[in-house]
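Nothing in this text is a laboratory measurement; each read-out follows from the coordinates by a stated rule. Predicted, not measured: the structure shown is a model, and the values here were computed from it. Reconstructed Cβ throughout: ideal geometry from the backbone, glycine too, with neighbour counts over all protein chains shown.
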Amino acid sequence: MSDCCLRGENLHLWRGDRHVLRGVDFSVARGECLQVAGSNGTGKTSLLRTLSGLMYPEEGRVLWQGKDVRGDLLGFQADMAYIGHEPPLKADLTPRENLRYWIGIRWPISRDEEEKALQRVGAQTWSNRPVRTLSAGQKRRVALAGLALMTVPLWLLDEPTTNLDTEGQRLVGSLIEEHLARGGLVVAAIHHDLSVSATAVRRLELARE
Amino acid sequence: MDRRDLIGGSRDVRTGGRALTPALAAARLTLVRDLRLAFRKRGQLVQPLVFFAIVTTLFPLAVSPELSRLRDIAPGVLWVAALLSSLLALEFLFRDDAHDGTLEQYALSGQSLTWLLFAKTVAHWLLTGLPLAVMAPLAGLSLGVPAAAIPGIVASVAVGSVALSLIGSVGAALTLAVKRSGALLSLLTLPLAMPVLIFGARATELAIKGGDFSAPLQLLAALAVLGITLAPLATAAAVRINLE
Amino acid sequence: MASWTWFHRLGSPPYIYSLAARLTPWFAWPAAALILGGLYGGLVLAPPDYQQGDGFRIIYVHAPSAWMSLMVYMTMAISAGVGLIWRMKVAHAVAASCAPIGASFTFCALVTGSLWGQPMWGTFWEWDPRLTSELILLFLYLGYMGLRSAMEDVQRADRSSAVLAVVGIVNVPIIHYSVTWWKSLHQAPSVMKLARPAMPPSMLIPLLMMLLGFTLFFVAVLLVRLRGEVLSRERSASWIREAVSP
């Protein structure tokens, strides 16, 4: 299993009285995308948050390169990017500033990289407006620009295509494809099928009860 | 797999160009961000100061306009007002960031959350504690405090408010997930802040009487140092718990 | 690993539930005997104080309550810390059960303190450093309970309030010394002191009995509350039905 990079073993998670995750097992290797599927309330978000280290499973463990992530959580998180339901943006800052402060706490980004990422998601024309004035789809695109700048091995994406038009959804697909091509891993919670070449995608179906 | 495999050699260039350690650089960036955000909303920025001014105005109206009487209660008035106004802005210290998901990104950045939140607390102090230290002598003068007492008042409020911001950051982090947390936040924070109030008011009182206020000031400084060492750890732990 | 099994068993709710039930009488009866004996010794047998007359007798309730108010806070903070570090649910349940007991002891210490002060000071409340510290301690307890009740999610309430308890225990000595320092600037030391070396055995022994009795009483109440706490936390677990139905 030297090839296996991210592994979940028998993950159990309780939220109050609710048994959200009931023994989830999976593994994702380099260049693979794991699509987490299941209807609402089956714990897709909880699974991603557990993988990211935000939530602590009652039972089971998450392994990154063969080691329990709890051993070196910060080191694991430095290798990982997580984008949740809502794009993590400050309403009073412009997309440009948001990227600088968001990605910047990991490593400094140059103007050039910033520009390229904004161009990639088609944000050049509105990159200097406060995020407050942008539409939901535009905000999502800014989050994707951030993702494009996250040159870390593991991406955890929670509904990355929400609020996006078809062109935006294709953009998500191509970002993921590029990431897989350079040896990255993706775990994405998503309803419909990804527009990614099918060989690299595996599905993990979460069921209710 | 090494991160460098994935992104090629560019990372070496990036880390090479960095003067500070990554954690400190990230903390500095967080501080800059918070200050910039605060200056985008100047109206909210001055609210604690206006509150401080209003509270100090209440006392002459409620007690007596005689300066000799006001001078006696001035240390207490200044410190209670400072305590309450530093409390006022606390509720939003982490709340906005928790709502828009940026706090989550801090927690997942692979950087030390303790440092990042400490940077946010420093920003809070720069935006409330420091202005209060500047305002306090003015309020003091209106309560009949002699001009000679100004250095003592500034010093004690400046040092004491460091401790207040740090204690407050723990309370703000603990009540992060509570809706309408204002009253609860006061209930958690005020008992812990009482030593600061005692030493701060004593230093101010001695400064007004023209005495040597170095002893209570040193005790205040000790509380601030203790706060700097311990509070960020508790704050980070509380934030992680409430992001769960 | 074998030596650790006791630790793991302590983490198991059904085991704790039955253990608490079995242990309760072992604490409750000695507590009752000691408290009754101590009260008789203190209120009837002990001679009146040469300065304070019979008024001093309230010490037999006041001092153990004040002692317990701190003891319980320490127990609470330590078990909260254990719960935080080893993620032990039962430790959190212990901490949660401690808070109302500790708050009651603190309240009792405040009331008896002000009753004691009345003949001495002529007022029911005096800003005596010990009473002031006790009052702040009561606020700490209330803050802890307030934080717990504000959170719906039990795990989050457990862990958040645990951080608060640990922060509080660091602050308790600071608060105590700052309040003592504050009072020493404004007034001579408190009247609420008995000349320690002069306390004869006939006064001291009932006091020690009361201290021990209160401590055992606390453990007994804690065990009862702990059972309730475990029941409410595990209400959906299958072992509960077997444990409660017979």
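Kindly express, to the nearest 10 degrees and within the range 0 to 90, the angle between helix C:129-150's C-alpha long axis and the longest C-alpha principal axis of chain C.
20
Please order C:Lys89, B:Lys41, B:Lys120 by the number of other Cβ within 10 Å, starting at the fewest. Don't skip to the answer; put the middle values down first.
Values: C:Lys89 19, B:Lys41 10, B:Lys120 27.
In order of increasing Cβ crowding within 10 Å: B:Lys41, C:Lys89, B:Lys120.
Kirkwood Rh, chain A, all Cα pairs: how many Å?
17.6
Stick to the Cα atoms of chain C, pair each with every other, and give me the Kirkwood hydrodynamic radius in Å at one decimal. Intermediate results must be reported in sequence, preceding the final value.
Working: mean 1/r = 0.0506 Å⁻¹.
After inverting the pairwise mean of 1/r, the radius is 19.8 Å.
State the volume of the convex hull built on the alpha-carbon positions of region A:89-151, expressed per residue in Å³ and rounded to an integer.
Values: hull volume 4.2 nm³, N = 63.
Each residue corresponds to 67 Å³ of Cα convex hull volume.
By how many degrees, between 0 and 90 and to the nearest 10, does the Cα long axis of helix C:89-121 differ from the longest principal axis of chain C?
Long axis of C:89-121 versus the principal axis of chain C: about 10 degrees.
Based on alpha-carbon centroids, what's the gap between region A:48-100 and region B:27-67 in Å, whole number please?
One Cα centre to the other: 36 Å.
For region B:176-244, what ratio Rg/Rh do Cα atoms give with a Kirkwood hydrodynamic radius? Before the final figure, lay out each step's value.
Working: Rg = 16.0 Å, Rh = 14.1 Å.
Across region B:176-244, the Cα-based Rg/Rh ratio is 1.13.
Kirkwood Rh, the protein assembly as shown, all Cα pairs: how many Å?
Details: mean 1/r = 0.0350 Å⁻¹.
The Cα-based Kirkwood calculation yields 28.6 Å.
Please build a GNM for chain C, connecting alpha carbons under 10 Å apart, and tell me which residue among C:Ser97, C:Ser18, C:Ser236 fluctuates the most.
Comparing C:Ser97, C:Ser18, C:Ser236 in the GNM, the peak value goes to C:Ser236.
Rg/Rh for region C:1-126 to two decimals, with Rh computed the Kirkwood way over all alpha-carbon pairs.
Values: Rg = 19.5 Å, Rh = 17.4 Å.
So for region C:1-126, dividing Rg by the Kirkwood Rh gives 1.12.
Could you please report the charge total around C:Leu110, scoring K, R as +1 and D, E as -1 over all other residues with beta-carbon less than 13 angstrom from its beta-carbon?
Net charge around C:Leu110: -2.
Could you run the Debye sum over the Cα atoms of region B:22-243, one equal point scatterer each and no solvent, and tell me log10 of I(q)/I(0) at q = 0.10, 0.17 Å⁻¹, two decimals?
Rounded to two decimals, the profile gives -0.44, -1.14.
Within a 10 angstrom radius of the beta carbon, how do C:Phe27, A:Phe26, B:Phe199 rank from fewest other beta carbons to most?
With the sparsest Cβ surroundings first, the list reads A:Phe26, C:Phe27, B:Phe199.
Summing +1 for each Lys or Arg and -1 for each Asp or Glu, what net charge is found among the other residues whose Cβ lies under 12 Å from the Cβ of B:Val178? Intermediate results must be reported in sequence, preceding the final value.
Values: positive: B:Arg95, B:Lys179, B:Arg180, C:Arg148, C:Arg156; negative: B:Glu91, C:Glu152, C:Asp153.
Residues close to B:Val178 contribute a combined charge of +2.
With a cut-off of 8 Å between alpha carbons and a minimum separation of six or more residues, what is the relative contact order of region A:59-205 in percent?
Values: 174 pairs, mean separation 35.9, N = 147.
Across region A:59-205, relative contact order equals 24 percent.
Anyone know which of C:Glu234, C:Glu134, C:Glu152 comes out most mobile in the 10 Å Cα GNM of chain C?
Answer for the Gaussian network model of chain C: C:Glu152.
What list do you get for A:Leu6, C:Leu211 if you sort them by fewest beta carbons within 10 Å?
Numbers: A:Leu6 26, C:Leu211 18.
Least to most surrounded, the residues fall as C:Leu211, A:Leu6.
Between helix B:130-142 and chain B, what is the angle of the helix's C-alpha long axis to the longest principal axis, kept within 0 to 90° and rounded to the nearest 10?
Computed tilt is about 10 degrees.
Under a 5 Å amide H to amide H cut-off, with H placed in plane at 1.01 Å, what residues pair with A:Arg61 once short-range neighbours are removed?
Those lying under 5 Å, H to H, from A:Arg61 are A:Glu9.
Hey, got the dipole for the protein assembly as shown? About the Cα centre, +1 on K and R Cβ, -1 on D and E Cβ, debye to the nearest 20?
Numbers: 64 positive and 51 negative charges, 72 e Å.
For this selection, approximately 340 debye.
Using Cα springs under 10 Å in a Gaussian network model of chain C, which residue among C:Tyr73, C:Tyr144, C:Tyr50 shows the largest mean-square fluctuation?
Taking springs between Cα atoms under 10 Å, the residue moving most is C:Tyr50.
So if the hydrodynamic radius of region B:115-202 is defined as the Kirkwood radius over C-alpha pairs, what does Stokes-Einstein give as its diffusion coefficient at 10 °C and 1.306 mPa s, in µm² per second? Don't jump to the answer; show the numbers that get you there.
Numbers: Rh = 14.0 Å.
In µm²/s, the coefficient is 113.
Working only with C-alpha atoms, what are the Rg and Dmax values of region C:69-206, expressed in angstrom?
Just the Cα atoms of region C:69-206 yield Rg and Dmax of 17.5, 53 Å.
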